[in-house]
C-alpha cells in the first residue's frame, strides 16, 4: 500500500521541493495552501503523515495540530510542524506535534524524519 503525505504550506517552492522528495519515495502527495477545515482535509485524504507549516493561513500550524491531536480518529497520524520560528521546539510541544523541522531544512533530514515517524507508527 502506498503511503500518503499531506503537506500544508502556502509557499509554492516548499510544496514543490517536498513533493519531489516524497514522490521519489513513492508517496502519494496531497498539498494544501491553508489549514481551514483541517479535520475535513485529513478525513478526505487519509494521510499516513502530515507536514504542516506554523504560519499556514487559516488556523495556523499550532492550532491545526492541536485540533487534529484532539480528534480520537485522527490523533495517531504523525504530524511534523515546520517553521523558521526561533522557538519552534516550544511551539511543537504546545501543538502536540510528533516532531518539528526548522526552516530552512535539508531535504535528506526531512526524508529521514518522516520515514522514522512512519516506522514508529507501524
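The values are calculated or read from the model by the stated rules, or taken from the named source; none is laboratory data. Quantities reported herein were computed from a predicted structural model and do not represent experimental measurements. Cβ: placed from backbone, ideal geometry, glycine included. Neighbour counts: every protein chain shown.
Structural remarks
- Yes/no for residue 74 being in contact with a helix residue (DSSP H, G or I) (Cβ under 6 Å, 6 or more places away or on another chain), surrounded by fewer than 19 Cβ atoms within 10 Å (Cβ to Cβ) and outside any helix (DSSP H, G or I): yes
- Just one of the listed residues (81, 68, 51) is in a helix (DSSP H, G or I) and either closer than 18 Å to residue 110 by Cβ or in contact with a strand residue (DSSP E or B) (Cβ under 8 Å, 6 or more places away or on another chain) (or both), and it is 68.
- Scanning the range 33-51 for residues that are buried (at least 21 other Cβ atoms within 10 Å of the Cβ) and more than 13 Å from residue 74 (Cβ to Cβ) gives 35, 51.
- Cβ-Cβ under 6 Å pairs, at least 6 apart or on other chains, the range 61-76 side on the phi < 0 side of the Ramachandran plot and modelled with pLDDT of 95 or more, far side surrounded by 18 or more Cβ atoms within 10 Å (Cβ to Cβ) and part of a helix (DSSP H, G or I): 62/91; 62/95; 64/38; 65/95; 66/95; 67/38; 74/42; 74/68
- Residue 19 being out of contact with any helix residue (DSSP H, G or I) (no Cβ under 9 Å at 6 or more places or on another chain), more than 17 Å from residue 99 (Cβ to Cβ) and in contact (Cβ under 8 Å) with a residue 12 or more places away in the chain: yes
- Count of residues meeting criterion [in contact with a strand residue (DSSP E or B) (Cβ under 6 Å, 6 or more places away or on another chain) and farther than 19 Å from residue 113 by Cα] in the range 23-40: 2
- Within the range 1-11, restricting attention to residues that are part of a loop (DSSP other than H, G, I, E, B) and in contact with a helix residue (DSSP H, G or I) (Cβ under 8 Å, 6 or more places away or on another chain), the residue that is surrounded by the fewest Cβ atoms within 10 Å (Cβ to Cβ) is 3.
- Only one entry of 29, 79 meets the criterion of being within 19 Å of residue 120 (Cα to Cα) and at pLDDT 95 or above, and that entry is 79.
- Within the range 12-47, being in a loop (DSSP other than H, G, I, E, B) and under 14 Å from the mean Cα position of the chain (by Cα) holds for 27, 33, 34, 35, 46, 47.
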